[in-house]
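See structure below.
The values are calculated or read from the model by the stated rules, or taken from the named source; none is laboratory data. Small disclaimer: the values here were computed from a predicted structure and weren't measured. A quick note on method: Cβ atoms are made from the backbone with ideal geometry, for glycine too, and the neighbour counts reach across all protein chains shown. Surface accessibility is based on the protein's heavy atoms, side chains included, excluding ligands, DNA and RNA. Shrake-Rupley method; radii C 1.70, N 1.55, O 1.52, S 1.80 Å.
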Amino acid sequence: MITWDYAPAPESRDIANLKPSYRMFVDGKFVEGTGEPLKSINPATEEVLAEVSTASPADVDTAVKAARRAYDKVWGRMPGVERAKYIFRIARMIAERGRELAVLESLDNGKPIKESRDTDIPTASAHFFYHAGWADKLEYAGYGPSPQPLGVAGQVIPWNFPLLMAAWKIAPALACGNTVVLKPAETTPLTALVLAEIIQQADLPPGVVNIIPGAGGIGAELVNHPQVDKVAFTGSTEVGKLIQGSLAGTGKKLTLELGGKAANIVFDDAPLDQAVEGIVNGIFFNQGHVCCAGSRLLVQESIADELLEKLHTRVSTLRVGDPLDKNTDVGAINSGEQLAKIRELTQAGDDEGASRWTSPCPLPEKGFFFAPTVFSNVSQAMRIAREEIFGPVLSVLTFRTPEEAVAKANNTPYGLSAGIWTEKGSRILHMANRMRAGVVWANTFNRFDPTAPFGGYQESGFGREGGRAGLEAYLDV
(Lines give C-alpha, C1' and ligand atoms only; values in the text may rest on other atoms or scores of the structure.)
Protein backbone atom coordinates (compact mmCIF):
# COMPACT_ATOMS: atom_id res chain seq x y z
CA MET A 1 0.00 0.00 0.00
CA ILE A 2 1.31 3.42 -0.95
CA THR A 3 1.61 5.96 1.83
CA TRP A 4 2.27 9.64 1.41
CA ASP A 5 4.20 10.24 4.60
CA TYR A 6 6.97 12.80 4.35
CA ALA A 7 10.49 11.45 4.66
CA PRO A 8 12.53 13.11 7.44
CA ALA A 9 14.17 16.34 6.29
CA PRO A 10 16.25 17.56 9.22
CA GLU A 11 18.19 20.79 9.00
CA SER A 12 21.81 20.44 10.11
CA ARG A 13 22.35 21.62 13.67
CA ASP A 14 25.95 22.41 12.74
CA ILE A 15 24.67 25.52 10.97
CA ALA A 16 23.83 27.02 14.37
CA ASN A 17 27.55 27.31 15.23
CA LEU A 18 26.61 26.35 18.76
CA LYS A 19 29.24 27.23 21.36
CA PRO A 20 29.81 25.38 24.64
CA SER A 21 29.42 28.63 26.58
CA TYR A 22 28.07 32.16 26.12
CA ARG A 23 28.82 35.35 28.02
CA MET A 24 26.75 38.47 28.64
CA PHE A 25 27.33 41.61 26.58
CA VAL A 26 28.06 44.84 28.43
CA ASP A 27 29.61 48.11 27.23
CA GLY A 28 30.54 46.65 23.85
CA LYS A 29 32.31 43.57 25.25
CA PHE A 30 31.46 39.98 26.12
CA VAL A 31 32.20 39.52 29.80
CA GLU A 32 31.63 36.89 32.45
CA GLY A 33 28.67 37.60 34.65
CA THR A 34 29.02 37.20 38.38
CA GLY A 35 25.65 35.50 38.76
CA GLU A 36 25.08 31.74 38.95
CA PRO A 37 25.60 30.25 35.44
CA LEU A 38 22.58 28.63 33.82
CA LYS A 39 22.36 25.76 31.37
CA SER A 40 20.26 26.25 28.25
CA ILE A 41 18.29 23.08 27.43
CA ASN A 42 17.07 21.76 24.08
CA PRO A 43 13.38 21.09 24.87
CA ALA A 44 13.11 18.51 22.09
CA THR A 45 15.83 16.27 23.52
CA GLU A 46 16.35 17.56 27.09
CA GLU A 47 20.08 17.84 26.36
CA VAL A 48 22.21 20.72 27.57
CA LEU A 49 23.01 23.02 24.67
CA ALA A 50 25.35 25.48 26.36
CA GLU A 51 26.29 27.12 29.63
CA VAL A 52 25.39 30.80 29.88
CA SER A 53 26.89 33.27 32.33
CA THR A 54 24.31 35.40 34.09
CA ALA A 55 24.20 38.81 35.66
CA SER A 56 24.22 39.67 39.34
CA PRO A 57 22.69 42.88 40.73
CA ALA A 58 26.13 44.47 40.48
CA ASP A 59 26.30 43.52 36.79
CA VAL A 60 22.89 45.11 36.22
CA ASP A 61 24.23 48.32 37.70
CA THR A 62 27.31 48.15 35.47
CA ALA A 63 25.19 47.60 32.35
CA VAL A 64 22.77 50.43 33.15
CA LYS A 65 25.62 52.84 33.83
CA ALA A 66 27.26 51.84 30.54
CA ALA A 67 23.98 52.54 28.76
CA ARG A 68 23.70 55.91 30.53
CA ARG A 69 27.22 56.95 29.45
CA ALA A 70 26.53 55.89 25.88
CA TYR A 71 23.28 57.86 25.87
CA ASP A 72 24.76 61.01 27.37
CA LYS A 73 27.97 61.08 25.34
CA VAL A 74 27.21 59.39 22.01
CA TRP A 75 23.86 57.94 21.04
CA GLY A 76 21.47 60.54 22.44
CA ARG A 77 23.43 63.29 20.66
CA MET A 78 23.89 61.45 17.37
CA PRO A 79 21.85 62.75 14.39
CA GLY A 80 19.08 60.39 13.33
CA VAL A 81 20.58 59.89 9.89
CA GLU A 82 23.73 58.49 11.53
CA ARG A 83 21.78 56.25 13.92
CA ALA A 84 19.91 54.86 10.93
CA LYS A 85 23.14 53.62 9.35
CA TYR A 86 23.89 51.41 12.34
CA ILE A 87 20.34 50.07 12.53
CA PHE A 88 20.28 49.28 8.80
CA ARG A 89 23.57 47.45 9.24
CA ILE A 90 22.13 45.29 12.03
CA ALA A 91 19.10 44.48 9.87
CA ARG A 92 21.26 43.35 6.98
CA MET A 93 23.47 41.20 9.19
CA ILE A 94 20.48 39.46 10.76
CA ALA A 95 19.24 38.63 7.27
CA GLU A 96 22.67 37.42 6.17
CA ARG A 97 22.92 35.10 9.18
CA GLY A 98 19.28 34.10 8.98
CA ARG A 99 19.78 30.37 8.51
CA GLU A 100 22.20 30.15 11.42
CA LEU A 101 19.88 32.12 13.68
CA ALA A 102 16.86 30.04 12.65
CA VAL A 103 18.53 26.74 13.52
CA LEU A 104 19.81 28.10 16.84
CA GLU A 105 16.35 29.42 17.68
CA SER A 106 14.73 26.05 17.02
CA LEU A 107 17.37 24.26 19.08
CA ASP A 108 17.00 26.59 22.05
CA ASN A 109 13.26 27.25 21.91
CA GLY A 110 11.73 24.08 20.41
CA LYS A 111 9.74 25.75 17.64
CA PRO A 112 9.66 24.17 14.14
CA ILE A 113 12.47 25.27 11.87
CA LYS A 114 10.01 26.36 9.18
CA GLU A 115 8.54 28.88 11.63
CA SER A 116 11.86 30.28 12.85
CA ARG A 117 13.20 30.29 9.27
CA ASP A 118 10.15 31.79 7.54
CA THR A 119 8.62 33.98 10.27
CA ASP A 120 10.77 34.79 13.29
CA ILE A 121 14.10 35.69 11.71
CA PRO A 122 12.79 37.58 8.64
CA THR A 123 10.41 39.58 10.83
CA ALA A 124 13.20 40.39 13.30
CA SER A 125 15.28 41.76 10.43
CA ALA A 126 12.25 43.65 9.11
CA HIS A 127 11.79 45.43 12.45
CA PHE A 128 15.32 46.82 12.26
CA PHE A 129 14.85 47.80 8.60
CA TYR A 130 11.55 49.53 9.32
CA HIS A 131 12.69 51.44 12.38
CA ALA A 132 15.96 52.48 10.74
CA GLY A 133 13.78 54.39 8.29
CA TRP A 134 12.21 56.36 11.14
CA ALA A 135 15.46 57.39 12.81
CA ASP A 136 15.86 60.61 10.77
CA LYS A 137 12.12 61.33 10.37
CA LEU A 138 10.88 61.49 13.96
CA GLU A 139 9.77 65.12 13.61
CA TYR A 140 7.24 63.90 11.03
CA ALA A 141 5.82 61.13 13.23
CA GLY A 142 3.15 63.36 14.73
CA TYR A 143 4.74 63.84 18.16
CA GLY A 144 5.83 67.45 17.80
CA PRO A 145 8.53 69.22 15.78
CA SER A 146 11.46 67.95 17.86
CA PRO A 147 10.63 64.79 19.84
CA GLN A 148 13.37 63.72 22.23
CA PRO A 149 14.46 60.27 23.46
CA LEU A 150 13.83 59.18 27.01
CA GLY A 151 17.28 57.87 27.95
CA VAL A 152 17.99 54.31 29.09
CA ALA A 153 15.42 51.63 28.25
CA GLY A 154 15.26 48.52 30.43
CA GLN A 155 13.65 45.71 28.46
CA VAL A 156 12.58 42.22 29.58
CA ILE A 157 11.43 39.69 26.97
CA PRO A 158 9.82 36.21 27.05
CA TRP A 159 10.86 32.82 25.72
CA ASN A 160 8.25 32.27 23.01
CA PHE A 161 9.82 34.51 20.33
CA PRO A 162 13.33 35.14 21.66
CA LEU A 163 15.03 36.92 18.75
CA LEU A 164 11.87 38.52 17.38
CA MET A 165 11.00 40.00 20.77
CA ALA A 166 14.54 41.34 21.11
CA ALA A 167 14.23 43.07 17.73
CA TRP A 168 10.70 44.22 18.58
CA LYS A 169 12.09 46.01 21.64
CA ILE A 170 15.59 47.14 20.60
CA ALA A 171 14.87 48.54 17.12
CA PRO A 172 12.40 51.32 18.07
CA ALA A 173 14.44 52.24 21.15
CA LEU A 174 17.56 52.79 19.04
CA ALA A 175 15.69 54.59 16.28
CA CYS A 176 14.36 57.11 18.81
CA GLY A 177 17.81 57.72 20.29
CA ASN A 178 17.60 55.64 23.48
CA THR A 179 20.14 53.14 24.75
CA VAL A 180 19.16 49.66 25.90
CA VAL A 181 19.72 47.05 28.58
CA LEU A 182 17.88 43.87 27.59
CA LYS A 183 17.26 40.77 29.70
CA PRO A 184 16.32 37.71 27.62
CA ALA A 185 14.30 34.84 29.09
CA GLU A 186 16.38 32.42 31.14
CA THR A 187 15.33 29.40 29.03
CA THR A 188 16.12 31.01 25.65
CA PRO A 189 19.09 33.39 25.84
CA LEU A 190 21.18 32.11 22.93
CA THR A 191 19.89 34.05 19.92
CA ALA A 192 19.88 37.29 21.91
CA LEU A 193 23.59 36.74 22.61
CA VAL A 194 24.27 36.04 18.93
CA LEU A 195 22.41 39.29 18.21
CA ALA A 196 24.96 40.87 20.55
CA GLU A 197 27.69 39.50 18.27
CA ILE A 198 25.97 41.15 15.32
CA ILE A 199 25.68 44.42 17.23
CA GLN A 200 29.39 44.26 18.03
CA GLN A 201 30.27 43.50 14.39
CA ALA A 202 28.08 46.40 13.28
CA ASP A 203 30.37 48.72 15.31
CA LEU A 204 27.53 50.07 17.40
CA PRO A 205 29.14 52.38 19.98
CA PRO A 206 29.90 50.57 23.27
CA GLY A 207 27.09 50.66 25.80
CA VAL A 208 24.30 51.48 23.34
CA VAL A 209 22.94 47.91 23.65
CA ASN A 210 23.70 45.64 26.60
CA ILE A 211 22.34 42.09 26.97
CA ILE A 212 22.33 40.49 30.41
CA PRO A 213 20.93 36.95 30.86
CA GLY A 214 19.45 35.95 34.18
CA ALA A 215 16.36 34.80 36.01
CA GLY A 216 13.38 36.86 37.12
CA GLY A 217 15.24 38.52 39.96
CA ILE A 218 17.63 40.14 37.48
CA GLY A 219 14.67 41.45 35.53
CA ALA A 220 13.35 43.02 38.73
CA GLU A 221 16.74 44.63 39.40
CA LEU A 222 16.74 46.07 35.89
CA VAL A 223 13.23 47.55 35.84
CA ASN A 224 13.70 49.08 39.30
CA HIS A 225 17.14 50.57 38.65
CA PRO A 226 16.98 54.31 39.34
CA GLN A 227 18.83 55.23 36.13
CA VAL A 228 16.40 53.36 33.86
CA ASP A 229 13.99 55.85 32.25
CA LYS A 230 11.75 53.51 30.28
CA VAL A 231 10.62 49.92 30.94
CA ALA A 232 9.21 47.57 28.31
CA PHE A 233 8.03 44.13 29.37
CA THR A 234 6.47 41.24 27.47
CA GLY A 235 5.40 38.26 29.55
CA SER A 236 2.81 37.07 32.00
CA THR A 237 0.04 39.24 33.41
CA GLU A 238 1.09 38.34 36.97
CA VAL A 239 4.62 39.69 36.49
CA GLY A 240 3.29 42.70 34.59
CA LYS A 241 1.15 43.67 37.58
CA LEU A 242 4.17 43.43 39.88
CA ILE A 243 6.19 45.67 37.56
CA GLN A 244 3.41 48.25 37.32
CA GLY A 245 3.09 48.30 41.09
CA SER A 246 6.81 48.68 41.66
CA LEU A 247 7.11 51.58 39.18
CA ALA A 248 4.08 53.51 40.40
CA GLY A 249 5.12 57.06 41.27
CA THR A 250 8.63 56.76 39.82
CA GLY A 251 7.89 58.69 36.64
CA LYS A 252 9.29 55.93 34.45
CA LYS A 253 7.52 55.34 31.17
CA LEU A 254 6.09 51.81 30.96
CA THR A 255 4.66 49.55 28.27
CA LEU A 256 3.31 46.08 29.02
CA GLU A 257 2.40 43.35 26.52
CA LEU A 258 0.91 40.57 28.60
CA GLY A 259 -1.29 37.50 28.31
CA GLY A 260 -4.35 36.84 26.22
CA LYS A 261 -7.29 34.54 25.66
CA ALA A 262 -8.29 35.51 22.14
CA ALA A 263 -11.62 34.63 20.55
CA ASN A 264 -11.62 33.35 16.97
CA ILE A 265 -15.20 33.82 15.73
CA VAL A 266 -16.56 31.82 12.77
CA PHE A 267 -19.93 32.76 11.25
CA ASP A 268 -22.13 30.46 9.18
CA ASP A 269 -21.24 32.23 5.92
CA ALA A 270 -17.47 31.86 6.40
CA PRO A 271 -15.43 29.80 3.91
CA LEU A 272 -15.00 26.80 6.20
CA ASP A 273 -11.87 25.28 4.70
CA GLN A 274 -10.12 28.66 4.86
CA ALA A 275 -11.40 29.19 8.39
CA VAL A 276 -10.07 25.80 9.50
CA GLU A 277 -6.61 26.76 8.27
CA GLY A 278 -6.87 30.03 10.17
CA ILE A 279 -8.01 28.25 13.32
CA VAL A 280 -5.08 25.82 13.10
CA ASN A 281 -2.63 28.66 12.55
CA GLY A 282 -4.25 30.65 15.34
CA ILE A 283 -3.73 28.06 18.07
CA PHE A 284 -1.10 25.54 16.93
CA PHE A 285 1.45 27.99 15.51
CA ASN A 286 4.52 27.97 17.78
CA GLN A 287 2.89 25.18 19.89
CA GLY A 288 0.34 27.73 21.07
CA HIS A 289 3.12 29.70 22.78
CA VAL A 290 1.63 32.97 21.53
CA CYS A 291 0.09 35.68 23.71
CA CYS A 292 -2.47 36.46 21.01
CA ALA A 293 -3.23 32.80 20.16
CA GLY A 294 -6.82 32.12 19.12
CA SER A 295 -7.37 29.74 22.03
CA ARG A 296 -11.16 30.22 22.19
CA LEU A 297 -13.04 29.21 19.06
CA LEU A 298 -16.57 30.65 18.86
CA VAL A 299 -18.58 28.89 16.14
CA GLN A 300 -22.09 29.75 14.98
CA GLU A 301 -24.30 26.93 16.19
CA SER A 302 -25.67 25.94 12.77
CA ILE A 303 -22.22 24.99 11.42
CA ALA A 304 -20.56 23.76 14.62
CA ASP A 305 -20.73 20.03 13.85
CA GLU A 306 -19.48 20.43 10.28
CA LEU A 307 -16.65 22.74 11.29
CA LEU A 308 -15.58 20.51 14.17
CA GLU A 309 -15.41 17.49 11.87
CA LYS A 310 -13.27 19.39 9.37
CA LEU A 311 -11.09 20.68 12.19
CA HIS A 312 -10.46 17.22 13.65
CA THR A 313 -9.52 15.92 10.21
CA ARG A 314 -7.08 18.78 9.61
CA VAL A 315 -5.50 18.69 13.07
CA SER A 316 -4.93 14.92 12.79
CA THR A 317 -2.58 15.62 9.85
CA LEU A 318 -0.30 17.92 11.85
CA ARG A 319 3.14 16.43 12.35
CA VAL A 320 4.57 16.71 15.86
CA GLY A 321 8.25 16.04 16.38
CA ASP A 322 11.81 17.15 15.77
CA PRO A 323 11.84 20.96 15.52
CA LEU A 324 14.75 20.78 13.06
CA ASP A 325 12.73 18.63 10.63
CA LYS A 326 11.39 20.88 7.88
CA ASN A 327 8.19 18.81 7.80
CA THR A 328 7.36 19.35 11.47
CA ASP A 329 4.24 21.42 12.14
CA VAL A 330 4.24 21.41 15.95
CA GLY A 331 7.52 21.33 17.84
CA ALA A 332 8.46 20.93 21.49
CA ILE A 333 6.96 22.70 24.49
CA ASN A 334 9.58 25.14 25.72
CA SER A 335 10.17 23.62 29.15
CA GLY A 336 9.10 20.90 31.54
CA GLU A 337 7.51 23.56 33.74
CA GLN A 338 5.33 24.82 30.90
CA LEU A 339 4.38 21.27 29.91
CA ALA A 340 3.23 20.61 33.48
CA LYS A 341 1.03 23.73 33.36
CA ILE A 342 -0.57 22.60 30.08
CA ARG A 343 -1.27 19.16 31.54
CA GLU A 344 -2.79 20.69 34.68
CA LEU A 345 -5.20 22.88 32.72
CA THR A 346 -6.23 20.17 30.26
CA GLN A 347 -6.93 17.88 33.22
CA ALA A 348 -9.13 20.65 34.60
CA GLY A 349 -11.01 20.60 31.29
CA ASP A 350 -11.65 16.88 31.73
CA ASP A 351 -12.67 17.31 35.35
CA GLU A 352 -15.13 20.11 34.53
CA GLY A 353 -16.91 18.08 31.86
CA ALA A 354 -15.57 19.30 28.53
CA SER A 355 -15.17 16.76 25.71
CA ARG A 356 -11.51 16.24 24.85
CA TRP A 357 -10.30 15.24 21.39
CA THR A 358 -6.56 14.66 21.01
CA SER A 359 -4.72 14.22 17.73
CA PRO A 360 -3.68 10.59 17.18
CA CYS A 361 -0.23 11.73 16.04
CA PRO A 362 2.75 9.87 17.51
CA LEU A 363 4.92 11.79 19.97
CA PRO A 364 8.70 11.48 20.40
CA GLU A 365 9.83 9.41 23.36
CA LYS A 366 12.17 12.13 24.66
CA GLY A 367 11.59 15.83 25.05
CA PHE A 368 8.70 18.04 26.09
CA PHE A 369 5.86 17.35 23.66
CA PHE A 370 2.08 17.68 23.84
CA ALA A 371 -0.33 16.49 21.16
CA PRO A 372 -2.69 19.08 19.61
CA THR A 373 -5.91 18.98 21.62
CA VAL A 374 -9.43 20.31 21.00
CA PHE A 375 -12.09 20.64 23.72
CA SER A 376 -15.74 20.90 22.74
CA ASN A 377 -18.84 21.34 24.91
CA VAL A 378 -16.98 24.08 26.74
CA SER A 379 -18.77 26.59 28.96
CA GLN A 380 -17.51 30.06 29.78
CA ALA A 381 -17.09 29.13 33.44
CA MET A 382 -14.47 26.44 32.78
CA ARG A 383 -10.81 27.13 33.46
CA ILE A 384 -9.85 26.16 29.91
CA ALA A 385 -12.11 28.97 28.64
CA ARG A 386 -10.84 31.56 31.12
CA GLU A 387 -7.15 30.93 31.79
CA GLU A 388 -4.27 31.30 29.36
CA ILE A 389 -2.97 27.78 28.67
CA PHE A 390 -0.09 28.89 26.41
CA GLY A 391 -0.02 25.54 24.63
CA PRO A 392 -1.58 23.65 21.68
CA VAL A 393 -5.04 23.45 23.28
CA LEU A 394 -8.23 24.86 21.74
CA SER A 395 -11.56 25.42 23.52
CA VAL A 396 -14.69 25.42 21.33
CA LEU A 397 -17.84 27.34 22.27
CA THR A 398 -20.93 28.08 20.18
CA PHE A 399 -23.15 31.13 19.62
CA ARG A 400 -26.36 31.92 17.75
CA THR A 401 -26.29 35.68 17.11
CA PRO A 402 -23.58 38.30 16.56
CA GLU A 403 -24.56 39.91 19.88
CA GLU A 404 -23.99 36.64 21.70
CA ALA A 405 -20.63 36.22 19.95
CA VAL A 406 -19.52 39.69 21.07
CA ALA A 407 -20.66 39.05 24.63
CA LYS A 408 -18.78 35.76 24.85
CA ALA A 409 -15.68 37.09 23.11
CA ASN A 410 -15.45 40.05 25.49
CA ASN A 411 -16.15 37.92 28.56
CA THR A 412 -12.49 37.80 29.58
CA PRO A 413 -10.12 39.94 31.63
CA TYR A 414 -7.78 39.97 28.63
CA GLY A 415 -8.00 42.01 25.44
CA LEU A 416 -5.06 41.39 23.14
CA SER A 417 -6.49 40.01 19.88
CA ALA A 418 -9.47 38.48 18.09
CA GLY A 419 -10.37 36.94 14.75
CA ILE A 420 -13.55 37.20 12.63
CA TRP A 421 -14.48 34.84 9.79
CA THR A 422 -17.31 35.90 7.50
CA GLU A 423 -17.81 36.88 3.86
CA LYS A 424 -19.65 40.10 4.81
CA GLY A 425 -17.49 43.19 5.12
CA SER A 426 -20.22 45.03 7.01
CA ARG A 427 -20.31 42.27 9.62
CA ILE A 428 -16.53 42.41 10.00
CA LEU A 429 -16.68 46.15 10.72
CA HIS A 430 -19.69 45.74 13.01
CA MET A 431 -17.91 43.07 15.05
CA ALA A 432 -14.49 44.71 15.07
CA ASN A 433 -15.94 47.93 16.50
CA ARG A 434 -17.40 45.97 19.40
CA MET A 435 -14.49 43.69 20.18
CA ARG A 436 -12.44 44.75 23.18
CA ALA A 437 -9.13 43.71 21.64
CA GLY A 438 -6.05 45.57 20.50
CA VAL A 439 -5.75 43.62 17.25
CA VAL A 440 -8.67 42.22 15.24
CA TRP A 441 -7.92 40.03 12.24
CA ALA A 442 -10.50 39.47 9.50
CA ASN A 443 -10.45 36.15 7.60
CA THR A 444 -6.89 35.53 8.76
CA PHE A 445 -4.99 35.17 12.03
CA ASN A 446 -1.50 35.75 13.43
CA ARG A 447 -0.47 38.24 10.75
CA PHE A 448 2.27 40.56 11.97
CA ASP A 449 4.02 43.49 10.35
CA PRO A 450 6.52 45.95 11.83
CA THR A 451 4.53 48.82 10.29
CA ALA A 452 1.39 47.94 12.28
CA PRO A 453 0.93 48.70 16.00
CA PHE A 454 0.39 45.79 18.37
CA GLY A 455 -0.85 45.81 21.96
CA GLY A 456 -3.83 45.12 24.19
CA TYR A 457 -6.33 46.31 26.75
CA GLN A 458 -7.25 45.32 30.30
CA GLU A 459 -5.01 42.52 31.64
CA SER A 460 -3.29 42.18 28.28
CA GLY A 461 -1.33 45.33 29.06
CA PHE A 462 -1.11 48.82 27.61
CA GLY A 463 0.94 50.76 25.10
CA ARG A 464 1.61 49.86 21.48
CA GLU A 465 4.67 48.38 19.82
CA GLY A 466 5.38 48.60 16.10
CA GLY A 467 4.34 51.16 13.52
CA ARG A 468 4.30 54.91 13.99
CA ALA A 469 2.22 54.52 17.16
CA GLY A 470 4.94 52.36 18.72
CA LEU A 471 7.50 55.19 18.53
CA GLU A 472 5.64 57.14 21.22
CA ALA A 473 6.71 54.68 23.92
CA TYR A 474 10.37 55.65 23.34
CA LEU A 475 9.92 59.43 23.00
CA ASP A 476 9.53 62.14 25.63
CA VAL A 477 6.10 63.35 24.47
Inset, instruction - Find the centroid of the Cα atoms in the range 209-286 and in the range 5-45, then give the distance between the two in whole Å. - result: 24
Inset, instruction - Using only the alpha carbons, work out the radius of gyration and Dmax of the range 99-230 in angstrom. - result: 15.1, 46
Inset, instruction - Heavy atoms only, probe 1.4 angstrom, no DNA, RNA or ligands counted: give me TYR6, TYR143 ranked by accessible area, highest first. - result: TYR6, TYR143
Inset, instruction - With the Cα gyration tensor of the range 1-41 in hand, give its eigenvalues times 5 under a square root as the equivalent ellipsoid semi-axes, listed largest first in whole angstrom. - result: 41, 12, 7
Inset, instruction - Just check the range 329-375 against the gyration tensor rule for me: Cα atoms, a ≥ b ≥ c as the square roots of the eigenvalues, rounded for a/c under 1.5, and otherwise prolate or oblate depending on whether a/b exceeds b/c. - result: oblate
Inset, instruction - Output the pairs from LYS19/LYS366; LYS29/LYS137; LYS73/LYS169 with a Cα-Cα distance over 26 Å in this structure; if there are none, say none. - result: LYS29/LYS137
Inset, instruction - Percent of Cα-Cα pairs per 5 Å bin, from 0 to the last occupied bin, for the range 240-385, please list those. - result: 2, 8, 15, 19, 19, 14, 9, 6, 4, 3, 1
Inset, instruction - Rounded to the nearest 10 degrees, what's the angle between the helix 272-284 long axis and the longest principal axis of the chain, both from Cα atoms, 0 to 90? - result: 50
Inset, instruction - Using only the alpha carbon atoms of the range 339-455, find the Kirkwood hydrodynamic radius as the inverse mean reciprocal pair distance, in angstroms to one decimal. - result: 16.1
Inset, instruction - Compute, for ILE218, the solvent-accessible surface of its heavy atoms (probe 1.4 Å) with the complete set of protein chains present, and express it in square angstrom to the nearest 10. - result: 20
Inset, instruction - Provide the net charge surrounding LEU38, with neighbours chosen by a C-beta distance below 11 Å and charges set as Lys +1, Arg +1, Asp -1, Glu -1. - result: -2
Inset, instruction - Divide by every residue of the chain the summed helix terms, -39500 (n - 2.57) for each DSSP H run of at least 4, and state the resulting mean residue ellipticity at 222 nm, rounded to the nearest 500 deg cm²/dmol. - result: -10500 deg cm²/dmol
Legend entry - the range 104-175 versus the range 327-345: alpha-carbon centroid distance in Å: 26
Legend entry - Kirkwood estimate for the chain, i.e. one over the average of 1/r between Cα atoms, Å: 22.8
Legend entry - Beta bridges by DSSP in the chain, antiparallel share as percent, to the nearest 5: 30
Legend entry - Relative contact order computed over the range 328-477 (Cα-Cα under 8 Å; 6+ residues apart), in percent: 15
Legend entry - Kirkwood Rh and Cα Rg combined as Rg/Rh, the range 1-100: 1.15
Inset, instruction - Quick one: accessible surface of ASP5, probe radius 1.4 Å, all protein chains present, in square angstrom to the nearest 10. - result: 130
